[in-house]
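To start, the structure under review is shown below, and the notes come after it.
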Amino acid sequence: MPGRKKFFLTMFQAEMEDSLGDVLYLSEFNENRFKNNEITNYVYNENKAFLEHEVSGLKELVVYIGTINAEDYKDVAEMAAGVEKLLKRWIKEQDEPQAVYGIISRKIKKVLKYIIDYAE
């Protein structure tokens, strides 16, 4: 069922784009808190650096997901496992925080469950 594999990649990429939106929102929130003198310059700069790193990594991740070939996998379950393995290695190579892997892993499981339970 090649359609389900491509659907998985499309949904997973959308989930990662949504996560990117969340991080951008946090970045704006951090900026506003600093402007309102709710946090110190030190805290603001630490948060800003961390969030910029996350934004950069998520943007790269979204592009990387777009390069994954659905035809390299026999079914959607194998694809989910393969994508998780690829992204775990990618996170390590990109020196992303290990927490990013936890987020990605949860998103993969969420999308896979949806496809198995609801997609026709």
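The values are calculated or read from the model by the stated rules, or taken from the named source; none is laboratory data. Worth saying up front: this structure is predicted, and the values here are computed from it rather than measured. Cβ sites come from the backbone with ideal geometry, for glycine too, and all protein chains shown count toward neighbours.
The lone criterion from (1) among the polar types (S, T, N, Q); (2) surrounded by 15 or more Cβ atoms within 10 Å (Cβ to Cβ); (3) farther than 27 Å from ILE115 by Cα left unmet by SER56 is number (2).
A search for C-beta distances below 6 Å between a residue of segment 99-120 that is touching a residue at least 24 places away in the same chain (Cβ under 8 Å) and any residue that is surrounded by 16 or more Cβ atoms within 10 Å (Cβ to Cβ) and small (Gly, Ala, Ser), counting only pairs 6+ apart in sequence or on different chains, returns ILE108/ALA80; LEU112/ALA80. Here ASN45, ASN32, ASN41 are screened, and the one residue that is closer than 21 Å to ASP95 by Cα and either in contact with a helix residue (DSSP H, G or I) (Cβ under 6 Å, 6 or more places away or on another chain) or among the polar types (S, T, N, Q) (or both) is ASN45.
Of all residues in segment 10-45, those satisfying the criterion of being of a type in the set (Phe, Trp, Tyr) and crowded, with 16+ Cβ neighbours inside 10 Å are PHE12, PHE34, TYR44.
Checking each residue of segment 36-48 against the condition of being in a helix (DSSP H, G or I), at pLDDT below 90 and more than 15 Å from ARG4 (Cα to Cα) gives no match. Consider segment 65-120 and keep the residues that are loosely packed, with under 13 Cβ neighbours inside 10 Å and within 12 Å of the chain's Cα centre (by Cα). The one that is nearest to PHE50 (Cα to Cα) is ALA99. So for segment 20-31 (the condition being assigned to a helix (DSSP H, G or I), modelled with pLDDT under 95 and among the charged types (D, E, K, R)), does at least one residue qualify? Within segment 20-31, one or more residues are assigned to a helix (DSSP H, G or I), modelled with pLDDT under 95 and among the charged types (D, E, K, R). Looking at GLU71, GLU78, just one residue is free of Cβ contacts under 8 Å to residues at least 24 places away in the same chain and either among the charged types (D, E, K, R) or more than 20 Å from TYR25 (Cβ to Cβ) (or both), and that residue is GLU78.
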